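The values are calculated or read from the model by the stated rules, or taken from the named source; none is laboratory data. Source: prediction; values computed, not measured. Note: ideal-geometry Cβ built from the backbone for every residue, glycine included; neighbour counts use all protein chains shown. Heads up: the accessible areas ignore ligands, DNA and RNA and are worked out on the full protein's heavy atoms, side chains in. Shrake-Rupley method; radii C 1.70, N 1.55, O 1.52, S 1.80 Å.
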Amino acid sequence: MAMIKDVQVLRAIAIIFVVLLHSWMIFPKEYAYIYNSIQPVFHPNTGVELFFVLAGYFLATNLNKLDGLKSTSEKVGFMLSFSIKKIKRLSPAVYFWISVPLVMSLVSNNHKLWFTPEQMFQKAFMTYVYLTNFEYPMRPAQLYGHFWAVALEMQFFIIYPIIYILLGKRNTLYLTLFVAALMMVYRPGTENYWWWFRFDPMLWGVLCHHVITSYIDRDRLKTETRGVWWKKLFAVIVLMCALGATYTSLVNFPYFKASAASLIAIVMLILALSGNNYFFPLGSWINKPLCWIGDRSFSLYCCHIPVWMIVKQFYITFGLSQHHMYLAQLAMMIVFAQLTYKYVESILSKKPSLNKIR
């Protein structure tokens with residue numbers, strides 16, 4: 001169980017990175033210098049790489065189940081069932097938090113904050129069909145922009161299993177390694193465009209699963225990675241700092257920086273899977289909150305920007321001072337993440353356990 005909890009902490013770290021990345025939207029102007037001074041050293045954009053590596057790893061866990069199926073029809077049926085479960089798992093929270101800004105654009109005259117209904121309908125439609133990463137680079141809009149990662153993950157989870165069934169496990173792994181290595185040095189499109197299609201962290205997650213299950217003895221892994229609590233904590237802090245530093249420190253290697261972040265995320269995942277509680281060295285006073293955040297990481301991902309905008313609309317409507325508005329935005333983000341997790345995420349599926357994949 002400790003292993004699963006460590007993975008949940010990785011999800012917590014990933015969503016904290018994402019929220020920090022977008023926090024410029026709510027930072028008061030007088031504190032903006034803090035955000036701007038940290039960004040050149042620690043850029044949390046790579047939280048998405050951590051999410052993607054986890055997604056690729058757990059996708060590979062399910063793909064391994066295909067090896068026990070003999071006929072192509074059985075494999076296709078299994079993957080259709082898996083894809084449907086994935087859609088049912090993600091869609092309630094995604095669709096709910098797509099719809100909220102759309103409704104706000106209809107009932108509010110603040111088109112600067114919510115855009116016009118026509119613009120919102122266009123963007124909402126592309127988000128509903130999981131194509132945000134195609135639409136957003138052409139017409140950026142923060143209200144739906146963060147859904148690009150959900151769209152890309154959904155596309156990957158549909159396309160990659162098809163390739164796996166058509167080519168077989170061995171050939172698919174060769175292709176996976178080739179594409180992942182290629183994207184270290186070359187990516188189609190301009191530097192700003194490819195960023196919305198960086199699916200290679202999921203490929204690295206798949207490869208990580210293959211290496212761990214095929215070449216690493218779990219008992220030896222646990223033995224080799226043992227250590228006192230402060231050494232494990234130091235290792236985790238170094239890895240987190242390295243993950244946040246790749247975006248700016250590798251600015252001269254624009255294609256490689258996403259790959260580097262993915263490789264660091266893989267090391268973090270391997271330590272989480274070692275069973276040595278690398279992400280649980282400090283006791284329950286911090287473990288429980290981190291697991292709480294990890295459990296609700298998807299709800300937090302979906303709701304944080306729309307909730308921030310709703311709070312801002314509330315302050316504007318009632319003419320309230322916005323000096324400490326960011327505190328209300330953070331507090332309501334937590335409240336709505338809990339409500340989404342409890343009442344929305346499980347609408348089309350059973351409530352997920354720690355063993356279920358995101």
>> Is it the case, given these coordinates, that K222 is over 30 Å from F27 (Cα atoms), assigned to a helix (DSSP H, G or I) and not β-branched (V, I, T)?
In response: yes
> Assuming V267 fulfils every condition listed in (1) touching a residue at least 40 places away in the same chain (Cβ under 8 Å); (2) in a helix (DSSP H, G or I); (3) closer than 18 Å to H209 by Cβ apart from one, which condition is it?
Replying inline: (1)
> Say we look at segment 60-106 and pick out the residues that are within 15 Å of L166 (Cβ to Cβ) and of a type in the set (S, T, N, Q); which of these is least open to solvent (accessible area, probe 1.4 Å)?
Replying inline: S71
> Inside segment 49-95, can you point out the residues that are basic (K, R) and part of a helix (DSSP H, G or I)?
Replying inline: K65, K75, K85, K86, K88, R89
> Just checking, which of I4, I34 is over 19 Å from the mean Cα position of the chain (by Cα) and not small (G, A, S)?
Replying inline: I34
> Taking into account only those residues within segment 107-131 that are within 24 Å of the chain's Cα centre (by Cα) and among the β-branched types (V, I, T), which is surrounded by the fewest Cβ atoms within 10 Å (Cβ to Cβ)?
Replying inline: V129
> Of all residues in segment 323-337, which are in contact (Cβ under 8 Å) with a residue 40 or more places away in the chain and crowded, with 16+ Cβ neighbours inside 10 Å?
Replying inline: M325, Y326, Q329, L330, M333, A337
> Among (1) surrounded by 14 or more Cβ atoms within 10 Å (Cβ to Cβ); (2) touching a Phe, Trp or Tyr at 6+ places or on another chain (Cβ under 9 Å), where does P188 come up short?
Replying inline: (1)
>> Regarding segment 297-320, can at least one residue be identified that is under 17 Å from the mean Cα position of the chain (by Cα) and among the charged types (D, E, K, R)?
In response: no
>> Looking at the structure I just gave you, is P44 under 30 Å from K312 (Cα atoms) and either free of Cβ contacts under 8 Å to residues at least 12 places away in the same chain or surrounded by fewer than 18 Cβ atoms within 10 Å (Cβ to Cβ) (or both)?
In response: no
